[in-house]
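Working notes for the structure below.
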Amino acid sequence: MSRERTLAELASITGGTVVGDGDIIIHRVAPIDEATAGEITFLTNPRYAKYLDRCQASAVIVGQGGAAAQAGSAPVAFLEVADPYIAFAKILQLFSSPVALSQSRSSQSTLDPTSVLADGVTIFPYAYIGARSKVGSRSALYPGVFVGADVEIGADCVLHPNVVVRDGCRVGNRVILHAGVVIGSDGFGYAGHGDGRVKIPQIGIVVVEDDVEIGANTTVDRATLGQTVIRRGAKIDNLVQIAHNVTIGEHSVVAAQAGIAGSTKVGKHVTIAGQVGIVNHIEIGDGAVIGPQSGIPKSVPPGVILSGGIAAAPHHEWLKVMTLLPQLPKLWASVRSLERQISQLLNK
Amino acid sequence: MSRERTLAELASITGGTVVGDGDIIIHRVAPIDEATAGEITFLTNPRYAKYLDRCQASAVIVGQGGAAAQAGSAPVAFLEVADPYIAFAKILQLFSSPVALSQSRSSQSTLDPTSVLADGVTIFPYAYIGARSKVGSRSALYPGVFVGADVEIGADCVLHPNVVVRDGCRVGNRVILHAGVVIGSDGFGYAGHGDGRVKIPQIGIVVVEDDVEIGANTTVDRATLGQTVIRRGAKIDNLVQIAHNVTIGEHSVVAAQAGIAGSTKVGKHVTIAGQVGIVNHIEIGDGAVIGPQSGIPKSVPPGVILSGGIAAAPHHEWLKVMTLLPQLPKLWASVRSLERQISQLLNK
Amino acid sequence: MSRERTLAELASITGGTVVGDGDIIIHRVAPIDEATAGEITFLTNPRYAKYLDRCQASAVIVGQGGAAAQAGSAPVAFLEVADPYIAFAKILQLFSSPVALSQSRSSQSTLDPTSVLADGVTIFPYAYIGARSKVGSRSALYPGVFVGADVEIGADCVLHPNVVVRDGCRVGNRVILHAGVVIGSDGFGYAGHGDGRVKIPQIGIVVVEDDVEIGANTTVDRATLGQTVIRRGAKIDNLVQIAHNVTIGEHSVVAAQAGIAGSTKVGKHVTIAGQVGIVNHIEIGDGAVIGPQSGIPKSVPPGVILSGGIAAAPHHEWLKVMTLLPQLPKLWASVRSLERQISQLLNK
């Protein structure tokens, strides 16, 4: 947060245009209702336009033509860009200080003699790396991280505290695993029933490709045979369950508490909202969008937008609806019967 | 569990009245169907009244007039109180031995030289405290706890094993964080799509106020800018997701596996049941009650009681309902058509 | 993965019959669409029969009569068994190398002097065992495992990294606790409201019986008084919530992200699918089957099959359904009114 830039420099970095004084000095990003002098803010959600009048920021990031639309509403400069949200993200990255890492290995960590660490790796206390595992350049393993045997972690990864990556799993470059993530736990597989139930060994692995980010306490099970795969650029939120042999396609996004059952293939650029449940052995087509709390019992074609969540209603009204819902077949039959009777009456 | 009290003493502590022998010695609390001599039990749920006849307890906590209502049903003494459940909790606290803590710092922990620990703090092995962080009097950090840099933890807190509190977050006094809780993981924020997707740095913090308790493996994301806030006295159960910039109001209660999306403000004294999902950027009014598995797509006024969960039905009947549900618009149209036809017939 | 067996030996081990050459050497198990020479595969799901034609495996596990049914489709041998999935599991176990454990205690672990470890126990670095706790023969505690005071862990257990078992809890033999599991966190219990809210001490324990497996980051709360119990042979998936005083019966199966509220008793051989929510203080009868995302608001008789999940629909159609659903009582009234009017017309 220690750097300073002129508004003109920020325009250059974001491919935008200054409307106002390009020499204004900006040193921080802040929300529209909190920003003060020297700070830049952004207007992406029209609901927040009402704050512009009282806005104390030195500049506001807006879309093309946004300055004219807001002209006169506030004595500030504008930075017009194609996508204000991307510009906001880039400027925020510019002003955010990355965490300084020691690039050294704590003497209180445990590194198997056969493990291989590249240059610039940071190993915090109480991290553990098993036999033959490799960690790429500049990656960081925070306290309590467990890396099993025969694991590969790429370069520039961050494994936050208490992340677990079990034997044989592979993690690409620039991957962020948030605190408590478990990669490579056994898939939930048994054959038979009762006392005769047999655990199916889960001898496959998990492959997490480049530029993936996985949220806190999310679990990704290893494959029974073969691989569970999180493809390049996929973003997964907190407390998500990814079962064995699932594939999450490139650049797909999975929101918090969603669950994807075994062997299901999720395509590229798919959006899965919070608390969605997807059954096993199906395919979700590229670009599909699935709304919150939806249940997905069968394959979904590419590009469709599905919903299944129910909006909560006042409790007493909902009780009536819930009493009638199971009687929908009876209601349907009543209507069909009425149609027949009326038809008879009309024919008379 | 080692102390003894007379029933009269328990009456004094709970503001209640003895019906029976106040000199009876009580040394423990037990469930109504398991209690034996020397134990006190409680009757708060009428479903358990049937156990009174065979109850072996020396005394029973009941509501006002409860002794008369149960007279003759069992040869026990009664402790009549305004709220039997609160009296039960207080008496249980009285007989529960708090865990004895060493109030010392394990040599197998890692405390940054710039961190500041108050008197009586207990640091277990493999706990880690980063630069400039502070821990208040008598707080305990169990094994595997990670406290980042610039964190403040108040007095009399318990951070159970493997809790993570990341950089800059603030935790008040008398806060209990159960095992595996993650405070301050990055919010789930990106701009753009596909290969052009940009991570939005999450540079805000989490503030957990006094007397909050957070359940095992729950995740609370740090704000993009500003603060995610869990206000005084809020109680949050296991496996809950609290997204970036959310506020949970004073004394609100959130049950297990609920999820609250980004920037949503939950008011005071709100009750959110298990597996509820709440969308982003809305407000839940003070005192609202939201039933289990409900989806909340828009703001909720204060004091309302909402439900949205569906009771499961026999599978084959439910299949029929599920087939008809998407045809509800067609059914509605049929009914409207019938109404027109009848109206015509009646007009003849 | 280093052993070799003839197909005839595999038939003997699984109680099956060879159709083809019993002398074929098998050294591995692989999926039907990936298997090559020297590997055995399996056909349990008819959807995968199409792969038989191009199958490169040396043998295929099929059901009784399965060889004849597939005759001519592929130049491979068959192993006919009563239950191909169980045979698959057993052969996979045969070829899977168990992880080699050191059977030693890391000097970087913390074992209370009063704790008792049986022969062959493996303690990894950064594991912690509290006062008076016992660990049975050949059990393994991976890095970051926390075992509190007065805990009993049986023989041949595996506690994966960062598992937490709090004070007083008991774990049977051959139990597998996956990474991040929390056993014995406080139940979610309070009396009163607002500033007067009182925490109810959770002084009971959790009992996990023999042959239980619990998935990554699942939480099992300790009882208020008495015990939360996971009975023999139960299998619980990832991110499941088991509240205080719950009982899960013998050999029952609970899929990912399900939640079971306080004091509910789940019977034997029950199947609970993913994301199911079950309220508190009810009973689920033996052998009941509960479909994905179902809500269970009241007790369930033995043996019934319940569903409650809603299949997602195209977003715009679903919006219409959602608008009409709360008006179901009005629709019902309209139909009743129509019935009366028609009845009058017919009586004329």
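The values are calculated or read from the model by the stated rules, or taken from the named source; none is laboratory data. What you see is a predicted model, and the numbers here were worked out from it, not measured in a lab. All Cβ positions, glycine included, derive from the backbone under ideal geometry; neighbour counts span all protein chains shown. To get the accessible areas, we keep the full protein, side chains included, count just its heavy atoms, and leave off ligands, DNA and RNA. Shrake-Rupley method; radii C 1.70, N 1.55, O 1.52, S 1.80 Å.
Accessible area per residue for region C:187-246 is 22 Å², calculated with a 1.4 Å probe on protein heavy atoms, without ligands, DNA or RNA.
Calculation over all alpha carbon pairs of region B:221-348 in 10 angstrom steps from 0 returns a P(r) of 13, 33, 19, 17, 12, 5, 2, 0 percent. Distance between the 7 Å Cα→Cβ label points at B:Gln344 and A:Glu4: 8.1 nm. Close amide H partners of C:Ile230, meaning residues 5 or more places away or on another chain with modelled amide H under 5 Å apart, are C:Val207, C:Val208, C:Glu209, C:Ile248. Reducing region B:288-327 and region B:199-264 to their Cα centroids gives an inter-centroid distance of 25 Å. Normalising the Debye intensity of chain B to I(0), with uniform scatterers on Cα atoms only, and taking log10 at q = 0.09, 0.11, 0.13 Å⁻¹ returns -0.71, -0.93, -1.09.
The apolar share of the surface of chain B, taken as the fraction of accessible area on carbon and sulfur atoms (1.4 Å probe, ligands and nucleic acids excluded), comes to 51 percent. Net charge in the neighbourhood of C:Pro302 (other residues with Cβ under 10 Å of its Cβ; Lys, Arg +1, Asp, Glu -1) is -1. Using the Cβ-Cβ distance between A:Ala37 and B:Leu94 with R0 set to 56 Å, the FRET efficiency from 1/(1 + (r/R0)^6) comes to roughly 0.50. Taking all protein chains together, A:Trp318, C:Trp332 sort by accessible area into C:Trp332, A:Trp318, largest first [probe 1.4 Å]. Each Lys or Arg adds one and each Asp or Glu takes one away; over the other residues whose Cβ falls under 13 Å from the Cβ of C:Pro125, this sums to 0.
Over region A:155-236, the ratio between the Cα radius of gyration and 2.2 N^0.38 Å evaluates to 1.19. Working from Cα pairs under 8 Å separated by at least six residues, relative contact order for chain A is 6 percent. From the largest down, region A:155-292 spans 44, 31, 22 angstrom on the principal axes of its Cα atoms. Quick one: compute the contact order of region C:9-114, relative version, from alpha carbon pairs under 8 angstrom and 6+ residues apart, as a percent. About 26 percent, as a whole number. Across the options C:Val279, C:Leu319, C:Ser343, the greatest Cα extent toward the positive end of the charge dipole of the protein assembly as shown (unit charges at beta carbon of Lys, Arg, Asp, Glu) belongs to C:Ser343.
A 1.4 Å probe, protein heavy atoms only, puts the accessible area of A:Thr323 near 80 Å². Distances between equivalent label points of C:Leu324 across the copies, with each point positioned 7 Å along Cα→Cβ, amount to 1.2, 1.2 nm, shortest listed first. In a shell of Cβ-Cβ distance under 10 Å around A:Ile26, excluding A:Ile26 itself, what net charge do Lys and Arg (+1) and Asp and Glu (-1) give? Here the charged neighbours net out to 0. Across the cross-link table entries C:Lys235/C:Lys265; A:Lys265/A:Lys298; C:Lys134/C:Lys235; A:Lys134/B:Lys199, which are compared at the Cα atoms, the separations over 18 Å belong to C:Lys134/C:Lys235; A:Lys134/B:Lys199. A 1.4 Å probe, protein heavy atoms only, puts the accessible area of A:Arg231 near 80 Å². Find the percent of Cα-Cα distances in region B:89-206 that exceed 22 Å, and round it to a whole number. The answer is 38 percent, as a whole percent.
For region B:137-153, 3J(HN,Hα) computed residue by residue from phi via the Karplus equation (6.51, -1.76, 1.60; θ = phi - 60°) reads 3, 6, 6, 10, 10, 6, x, x, 6, 10, 10, x, 8, 6, 8, 10, 10 Hz, glycine and proline entered as x. Relative to its residue count, region B:277-323 spans a Cα convex hull of 85 Å³ per residue. Shown in residue order for region B:227-242 are the 3J(HN,Hα) couplings computed by the Karplus curve 6.51 cos²θ - 1.76 cosθ + 1.60 at θ = phi - 60°: 9, 8, 10, 10, 7, 2, x, 5, 10, 10, 7, 6, 6, 8, 10, 10 Hz (x for Gly and Pro).
Dividing the summed -39500 (n - 2.57) terms of all DSSP H runs of n ≥ 4 by the residue count of the protein assembly as shown sets its mean residue ellipticity at 222 nm at -5000 deg cm²/dmol. For region A:233-302, the square roots a ≥ b ≥ c of the C-alpha gyration tensor eigenvalues yield an a/c under 1.5, which makes the shape rounded. Sequentially through region C:39-55, phi angles give Karplus couplings (6.51, -1.76, 1.60; θ = phi - 60°) of 10, 10, 10, 8, 10, 10, 10, x, 4, 9, 4, 4, 7, 4, 4, 9, 5 Hz, Gly and Pro residues having no value and appearing as x. In region A:110-207, Cα pairs under 8 Å separated by at least six residues give a relative contact order of 19 percent.
The share of alpha-carbon pairs in region C:20-121 lying farther apart than 23 Å comes to 39%. Residues B:His193, C:His178, sorted by accessible area with the largest first, give B:His193, C:His178 [1.4 Å probe; ligands and nucleic acids excluded]. Between C:Val266, C:Val60, C:Val121, the residue with the greatest mean-square fluctuation in the GNM of chain C (Cα pairs under 10 Å linked by springs) is C:Val60.
For region B:269-315, the solvent-accessible area works out to 38 Å² per residue, with a probe of 1.4 Å and every protein chain left in place. With a/c under 1.5 counting as rounded, go ahead and sort the protein assembly as shown into rounded, prolate or oblate using the C-alpha gyration tensor (a ≥ b ≥ c being the square roots of the eigenvalues; past the cut-off, prolate if a/b is larger than b/c, else oblate). Because its axes are fairly even, with a/c under 1.5, the protein assembly as shown counts as rounded. If the cut-off is a Cα-Cα distance under 17 Å, which aspartates and glutamates reach B:Lys268, setting aside same-chain residues fewer than 8 apart in sequence? Reachable aspartates and glutamates: B:Glu209, B:Asp210, B:Asp211, B:Glu213, B:Asp237, B:Glu250, B:Glu283, B:Asp286, C:Asp195. Give the interface area between chains B and C as buried accessible surface, both sides summed, probe 1.4 Å, in Å² to the nearest 100. Buried surface at the B/C interface: approximately 5500 Å².
Taking a straight Cα-Cα cut-off under 25 Å and skipping sequence neighbours fewer than 8 places away in the same chain, the lysines within cross-link reach of C:Lys348 are A:Lys348, B:Lys348.
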